[in-house]
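As structure tokens, the structure follows; a few thoughts come after it.
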């Protein structure tokens, strides 16, 4: 049905408490945070809120010089904000599909562009992919998250999870790679013979190879990453 009376439209689209906890998918592309304290979220992802919530940009020295230096290299993609208070906070990122993961003393790597929010108390650090920096425009970076609590990641369209085993390594296009298990360390490889077949971005001949035991999450879309100089 595409035609509604105003009453029908309100009934169809109104906010509903589903009782799912701290993070709740209000729609597949909008995250509701039932805030009673603090949450970290991607800068610029706030859509709406109610209650008493205060927003702060992440302090430049808040996490020490090491993270400040790495954030300076990664540009805008990893910028975070803190939301403190009590109320309902709604987050979204360019209409991307949102997945909620509940970490139970586990670790996961998430592409810096695809991390939407995470609970305060989860340990995190920015990891630069140095070996790929010269191969792609601006290189790539990711965020390693570990501990107990909820995180929200985003993907263009439906994500697909591929299992990695010692006899079945997985090779992905970096521009389509969303996340992977915390125990995996991808290798980067180039194959000029695949240039016309594997990816269409600036790093089209570069692939990420995952070996061991774990998983990799990919999306049916290739994001284009820009260096800091292109963002400014």
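The values are calculated or read from the model by the stated rules, or taken from the named source; none is laboratory data. Owing to the predicted nature of the structure, the values given are computational and were not obtained by experimental measurement. Neighbour counts run over all protein chains shown; Cβ positions are idealised from the backbone, glycine included.
Remarks
- Taken over segment 187-221, residues that are in a loop (DSSP other than H, G, I, E, B) and modelled with pLDDT under 80 amount to 12.
- Among the criteria (1) buried (at least 19 other Cβ atoms within 10 Å of the Cβ); (2) under 30 Å from residue 22 (Cβ atoms); (3) modelled with pLDDT of 95 or more, the one residue 143 does not fulfil is (3).
- Checking each residue of segment 101-115 against the condition of being more than 15 Å from residue 144 (Cβ to Cβ), in a strand (DSSP E or B), under 15 Å from the mean Cα position of the chain (by Cα) and modelled with pLDDT of 95 or more gives no match.
- Hey, residue 91 surrounded by 15 or more Cβ atoms within 10 Å (Cβ to Cβ) and at pLDDT 95 or above or not: yes
- Segment 136-190: number of residues that are touching a strand residue (DSSP E or B) at 6+ places or on another chain (Cβ under 6 Å) and at positive phi: 2
- Residues of segment 151-175 satisfying the condition of being under 13 Å from the mean Cα position of the chain (by Cα) and surrounded by fewer than 20 Cβ atoms within 10 Å (Cβ to Cβ): 156, 159
- All conditions but one from (1) in contact with a helix residue (DSSP H, G or I) (Cβ under 6 Å, 6 or more places away or on another chain); (2) modelled with pLDDT of 80 or more; (3) part of a loop (DSSP other than H, G, I, E, B) apply to residue 184; the one that does not is (1).
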